[in-house]
Amino acid sequence: LVPVVILIVGPATWVEKFPEARGTRQSPVDIVTSRASSGGSAPPLVWRYSVNHPRSVVNPGYCWRVDENGYDSELRGGPLGSDVYKLQQWHCHWGSVNGEGSEHTVDGRAFSGELHLVHWNTSKYNSFTEAAGQPDGLAVLGVLLMVGSKHDELDKVVRLLPYIQHKGDKVTFSEPLNPANLLPKRIAYWTYPGSLTTPPCTESVTWILFKEPVQVSAEQVRLNLCYYVNGKNV
Ligand SMILES: NS(=O)(=O)c1ccc(Cc2ccc([N+](=O)[O-])cc2)cc1
Ligand SMILES: [Zn+2]
């Protein structure tokens with residue numbers, strides 16, 4: 001008899017190390033559109049990002065992450081009350097197979113990938129890490145990605161991926177880039193109180209997921225797939 005060792009390394013083991021993962025507002029979720037209530041009289045969501053500053057693309061071991069390096073930006077309004085949030089970093093989630101890389105699903109449908117723009121509450125907290133531990137500390141803009149035409153703004157990052165193939169690799173670039181160009185044209189969104197989708201799974205995220213997917217080319221998806229295995233192998 002060969003002893004069978006079942007090695008569980010996925011989300012199922014996260015609860016052991018990150019008790020938050022057992023919480024009541026865990027992300028990602030399936031957005032059941034028929035159950036979403038209309039936004040009513042919520043104020044408009046507004047954002048402003050700096051364009052001309054050096055950014056770093058990092059390989060954190062899954063997908064890729066762009067650090068804003070503390071340069072100024074603002075996200076306010078919508079579900080965020082009177083607090084002002086600042087962009088800390090943005091990153092992606094891709095699947096190991098095309099078409100199933102997104103974290104959130106909409107009526108059970110997954111998308112090819114999902115971009116997250118991670119902001120923290122500068123009105124109430126003094127650092128990203130402090131804010132990341134508070135229920136109203138973070139606000140993440142989620143953008144669903146589907147295969148279609150090439151995305152020129154995203155390509156400014158995708159073309160750098162061959163230079164950060166290993167975990168910990170980092171490359172700094174100063175080509176002007178406007179994160180607002182990563183967002184869809186129509187800015188209708190779903191919002192709900194949730195958590196970080198990967199460890200430490202802290203329940204500190206106000207999720208704002210845009211309804212309209214953004215198109216990226218099949219080549220851009222392939223480049224992401226061949227350089228990164230999605231966070232699922234964390
Ligand atoms: N995918 S996501 O929910 O947008 C997400 C965003 C950021 C992070 C990274 C992270 C966020 C917070 C901390 N912390 O406070 O120790 C450590 C790592 C993890 C996950
Ligand atoms: Zn994410």
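Please give the solvent-accessible surface of TRP207 in Å², to the nearest 10, using a probe radius of 1.4 Å with every protein chain present.
Accessible area, nearest 10 Å²: 10 Å².
Could you compute the FRET efficiency for SER149 and THR24, with r as their C-beta to C-beta distance and R0 at 41 Å, rounded to 0.05? Show your work: numbers first, answer last.
Details: r = 40 Å, r/R0 = 0.97.
Here the calculated transfer efficiency is 0.55.
Please list VAL15, VAL157 from largest to smallest accessible area, probe radius 1.4 Å, with all protein chains kept in place.
On the way: VAL15 40, VAL157 0 Å².
From most exposed to least exposed: VAL15, VAL157.
Treat each spin label as a single point 7 Å out from the Cα along the C-beta direction, and report the SER41 to ASP169 distance in nm.
Each label point lies 7 Å from its Cα, and together they span 5.4 nm.
Remind me, relative contact order of the stretch 46-92 in percent, using alpha carbon pairs under 8 angstrom and six or more residues apart? Mind dumping the intermediate values first?
Numbers: 75 pairs, mean separation 17.9, N = 47.
Relative contact order of the stretch 46-92: 38 percent.
What percent does the relative contact order of the stretch 106-187 come to when contacts are Cα pairs within less than 8 Å and at least six residues apart? Each step should come with its number before you reach the end.
On the way: 68 pairs, mean separation 21.7, N = 82.
Here the relative contact order equals 26 percent.
Using only Cα atoms, figure out Rg for the chain and give it as a multiple of 2.2 N^0.38 Å.
Working: Rg = 17.6 Å, N = 234, 2.2 N^0.38 = 17.5 Å.
That works out to 1.00 for the chain.
I'd like the carbon and sulfur percentage of the solvent accessible area for the chain, probe radius 1.4 Å, heavy atoms only, ligands and nucleic acids excluded. Don't skip to the answer; put the middle values down first.
Working: 6280 of 11490 Å².
Ligands and nucleic acids excluded, carbon and sulfur reach 55 percent.
Let me make sure I get this right: for the stretch 105-195, a, b and c are the square roots of the gyration tensor eigenvalues over alpha carbons, sorted descending. Under 1.5 in a/c it's rounded, otherwise prolate if a/b > b/c, else oblate. Which is it?
Values: a/c = 1.79, a/b = 1.17, b/c = 1.53.
Oblate is the answer for the stretch 105-195, as a/c is 1.5 or above yet b/c matches or exceeds a/b.
Which of these, ALA21, ALA12, ALA180, has the largest mean-square fluctuation under a Gaussian network model of the chain (Cα springs below 10 Å)?
Sorting by GNM fluctuation, first place goes to ALA12.
Could you compute how much accessible surface ILE164 exposes when probed at 1.4 Å, giving the result in Å² to the nearest 10?
0 Å²
Might you work out the accessible area of VAL140 for me, using a 1.4 Å probe with all protein chains in place, and round it to the nearest 10 Å²?
Rounded to the nearest 10, the figure is 0 Å².
Out of ARG159, ARG25, ARG55, any idea which swings most in a Gaussian network model of the chain, alpha carbons joined below 10 Å?
With Cα springs under 10 Å in the chain, the top fluctuation among ARG159, ARG25, ARG55 is at ARG159.
Using the Cα centre of the chain as the reference point, and only Cβ charges (+1 on K/R, -1 on D/E), how large is the resulting charge dipole? Debye, rounded to the nearest 20.
Working: 21 positive and 22 negative charges, 29 e Å.
That gives a dipole near 140 debye.
Rounded to the nearest 0.05, what FRET efficiency do ALA12 and TYR192 give with R0 = 30 Å and r taken as the Cβ-Cβ distance? Could you check? Working shown, then result.
Values: r = 23 Å, r/R0 = 0.77.
FRET efficiency, ALA12 to TYR192: 0.85.
If you roll a 1.4 Å probe over the heavy atoms of the protein chains, what accessible area per residue do you get for the chain, in Å²? Can you show the working numbers first?
Values: 11490 Å² over 234 residues.
Result: 49 Å² of accessible area for each residue.
The values are calculated or read from the model by the stated rules, or taken from the named source; none is laboratory data. Values in this document were obtained by computation on a predicted structure and should not be read as measured data. Please note: Cβ atoms are built from the backbone with ideal geometry, for glycine as well, and neighbour counts cover all protein chains shown. Please note that ligands, DNA and RNA were not included when accessible areas were found on the heavy atoms of the full protein model with its side chains. Shrake-Rupley method; radii C 1.70, N 1.55, O 1.52, S 1.80 Å.
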